[in-house]
Amino acid sequence: MDLAEVVMWVSIAADSALVVSVSLLAHNLRATRVDARRTLAFSMMEQLTSADFAERRWKMHRSVGAASTSNWKEFDNSLEDFESRAFAYQYELIGQLVLAGTLDYKLVCDFLQYSVVVDWNAFEPLDARLQDRIPGRPSPWSRFRQLALRITTDLRGPEIRGRAPPDATQR
């Protein structure tokens, strides 16, 4: 075997090793992404089943309901106002993660079912109030609403309360 043949076989072996290395890297990246999504889903489920979440959910339902019946007297920029908004941001984040494909919609739908719809319907008066207070500002909770609408449509559940956002056709 002359030097040219040795170089050719070494080149073939190096190319093969490169292909195998790239294939293993791609497999590892895919497995890491799946593992990260699984970890995120477990974290979401753990958070949504915690006593803290239940308490925050109850407070939001109670405070928004009471404020809307009292014509928002002393509610704007109160602790209850900010806590209710913070609670809604959890669903907004879930909606963003579903929209981005980071969280699997079917998993979220099976897990949350109508609770997201009930919580949106409880929160919607505050969303409408904030849109009235700051005209022209889009709702920062549009993905929360979109998730609730998608789930209730797919499961043929309760109606979504409130007005459709102006950019509903764009999403």
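Every residue, every condition in (1) outside the structural domain of Asn121 (by TED's automatic domain parsing); (2) of a type outside the set (D, E, K, R); (3) part of a helix (DSSP H, G or I), yes or no:
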{"position": "Ala4", "(1), (2), (3)": "yes, yes, yes"}
{"position": "Val10", "(1), (2), (3)": "yes, yes, yes"}
{"position": "Ser21", "(1), (2), (3)": "yes, yes, yes"}
{"position": "Ser43", "(1), (2), (3)": "yes, yes, yes"}
{"position": "Arg56", "(1), (2), (3)": "no, no, yes"}
{"position": "Val64", "(1), (2), (3)": "no, yes, yes"}
{"position": "Lys73", "(1), (2), (3)": "no, no, no"}
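Of the residues examined, Ala26 is one that is in a helix (DSSP H, G or I), more than 20 Å from Lys106 (Cα to Cα) and not polar (S, T, N, Q). Are any of the residues in region 52-64 among the hydroxyl-bearing types (Ser, Thr, Tyr), surrounded by fewer than 15 Cβ atoms within 10 Å (Cβ to Cβ) and free of Cβ contacts under 8 Å to residues at least 40 places away in the same chain? Scanning region 52-64 turns up no residue that is among the hydroxyl-bearing types (Ser, Thr, Tyr), surrounded by fewer than 15 Cβ atoms within 10 Å (Cβ to Cβ) and free of Cβ contacts under 8 Å to residues at least 40 places away in the same chain. Entry remark, region 75-88: residues being surrounded by 14 or more Cβ atoms within 10 Å (Cβ to Cβ), in a helix (DSSP H, G or I) and either out of contact with any helix residue (DSSP H, G or I) (no Cβ under 8 Å at 6 or more places or on another chain) or among the hydrophobic types (A, V, I, L, M, F, W, C) (or both) number 2 in total. Among the residues of region 103-152, just one is free of Cβ contacts under 8 Å to residues at least 24 places away in the same chain and either assigned by TED's automatic domain parsing to the domain that holds Val34 or of a type in the set (Val, Ile, Thr) (or both), namely Ile134.
The values are calculated or read from the model by the stated rules, or taken from the named source; none is laboratory data. As the structure is a computational prediction, the values presented were derived from the model and not from experiment. Neighbour counts are summed over all protein chains in view; Cβ atoms, including those assigned to glycine, are modelled from backbone coordinates with ideal geometry.
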